[in-house]
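The values are calculated or read from the model by the stated rules, or taken from the named source; none is laboratory data. Everything quoted here is computed from the prediction, not taken from an experiment. Backbone-built Cβ (ideal geometry, glycine too); neighbour counts: all protein chains shown.
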Amino acid sequence: MRLARIEHGGNPVWAMIEGDELALIEGDPFGAHQATGERVPLEGATLLCPVTPTKIVAMAVNYRSHGAPVETPQPFLKTPSALIGPGQSIVLPPDAGRVDEEGEVVAVIGRRASRIGAEEVDAHVFGYTCGNDVSAREWQQDDVQWWRAKSSDTFAAVGPWVETDLDPEAIAFRARVNGETVQDAHTSQLVFGVRECVAFISQVMTLEPGDIVYTGTPGTTAQLSEGDVVEIEAEGIGVLRNPVVAG
């Protein structure tokens, strides 16, 4: 099943993707909901960020190819105000210096998770989507906290929709800038698997339906410049595409 969030009649609405159509729903997309009976073509629809989280958690150095090994999961926070959806522009702050893409697979929570075990995670995760943990490298290096390096406006791209029928440990994904592949990895290469990460976070922080977890980025990331188009593609999900503009 695929869950999307679209603009319809000037308002954001939830919809299930069924073939080349969007079946609109009303109610809680992660709980009780029902079809409205209205359907619109997927082609031409304005896709919005498919989640409205209370919090965004991201995993640092969770691929050995991206940094020095760590002994325990290393979560950090991004602010929901940084969220953008497919097609929306990543804005480069004028004084940020180098800004990189970070392609990732993102877990979407579907059921409240507090102090759960790794074996319970599947019952609490709704599905998975693509994410770009946009990062300002100089701010990340120079500041004590990563507040602006990771949470500047537009630095949390997510989409295009949420796919529910996936094994989180078996997702191949890649990042492209202007059509050139700059990252290529598989979630089986994670230092700490998706289930372990979600369980670890839930020991100290209650995850609510709609909250998201960026699971980590691999290898060397690419610098973004004005005019670029960055794509994050995950097999079984789709492609998250965002243009890059100067702020």
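Evaluating VAL204 against the criteria (1) over 22 Å from SER151 (Cβ atoms); (2) without any contact (Cβ under 8 Å) to a residue 12 or more places away in the chain leaves one unmet condition, (1). Residues in segment 1-47 that are touching a residue at least 24 places away in the same chain (Cβ under 8 Å) and either among the basic types (Lys, Arg) or closer than 20 Å to GLU208 by Cα (or both) were compared, and the one that is surrounded by the fewest Cβ atoms within 10 Å (Cβ to Cβ) is GLY31.
The condition (being hydrophobic (A, V, I, L, M, F, W, C), part of a strand (DSSP E or B), on the phi < 0 side of the Ramachandran plot and under 17 Å from the mean Cα position of the chain (by Cα)) is satisfied by just one residue among ALA35, ALA58, ALA15, ALA23: ALA58.
Among the candidates THR187, THR164, THR181, the residue that is of a type in the set (S, T, N, Q), crowded, with 21+ Cβ neighbours inside 10 Å, assigned by TED's automatic domain parsing to the domain that holds THR221 and at negative phi is uniquely THR187.
Exactly one residue among VAL91, VAL51 is crowded, with 17+ Cβ neighbours inside 10 Å, part of a strand (DSSP E or B) and either modelled with pLDDT of 95 or more or not assigned by TED's automatic domain parsing to the domain that holds GLY110 (or both), and that residue is VAL91.
Within 30 Å of ALA149 (Cβ to Cβ), surrounded by fewer than 16 Cβ atoms within 10 Å (Cβ to Cβ) and not assigned by TED's automatic domain parsing to the domain that holds ASP165 - does that describe any residue in segment 62-76? No, every residue in segment 62-76 fails to be within 30 Å of ALA149 (Cβ to Cβ), surrounded by fewer than 16 Cβ atoms within 10 Å (Cβ to Cβ) and not assigned by TED's automatic domain parsing to the domain that holds ASP165. Counting only residues that are touching a Lys or Arg at 6+ places or on another chain (Cβ under 8 Å) and under 18 Å from THR187 (Cβ atoms), which one in segment 94-118 is surrounded by the most Cβ atoms within 10 Å (Cβ to Cβ)? Once the filter is applied, the top-ranked residue is GLY103.
Counting only strands (runs of 3 or more DSSP E) that sit wholly inside segment 103-193, those with at least 1 residues that are of a type outside the set (Phe, Trp, Tyr) and out of contact with any strand residue (DSSP E or B) (no Cβ under 6 Å at 6 or more places or on another chain) are 180-186. If you check ILE171 against the conditions, is it out of contact with any Pro (no Cβ under 7 Å at 6 or more places or on another chain), farther than 26 Å from GLU235 by Cβ and aliphatic (A, V, I, L, M)? For ILE171, the condition - out of contact with any Pro (no Cβ under 7 Å at 6 or more places or on another chain), farther than 26 Å from GLU235 by Cβ and aliphatic (A, V, I, L, M) - is not met. Yes or no: GLY227 modelled with pLDDT under 95 and in the same structural domain as ILE116 (by TED's automatic domain parsing)? Answer is no for this residue. For segment 102-158, name all the residues that are basic (Lys, Arg) and under 16 Å from LEU83 (Cβ atoms). Matches in segment 102-158: ARG148, LYS150. Of all residue pairs spaced 6 or more apart or on separate chains, those with beta-carbon atoms under 7 Å, a first member in segment 144-162 that is of a type in the set (S, T, N, Q) and a second member that is assigned to a strand (DSSP E or B) are SER151/LYS78; SER152/ALA136; THR154/ILE84; THR154/ILE90; THR154/VAL91. Say whether the condition of being among the hydrophobic types (A, V, I, L, M, F, W, C), surrounded by fewer than 18 Cβ atoms within 10 Å (Cβ to Cβ) and over 30 Å from MET16 (Cα atoms) is met by at least one residue in segment 203-219. Yes, because at least one residue in segment 203-219 is among the hydrophobic types (A, V, I, L, M, F, W, C), surrounded by fewer than 18 Cβ atoms within 10 Å (Cβ to Cβ) and over 30 Å from MET16 (Cα atoms).
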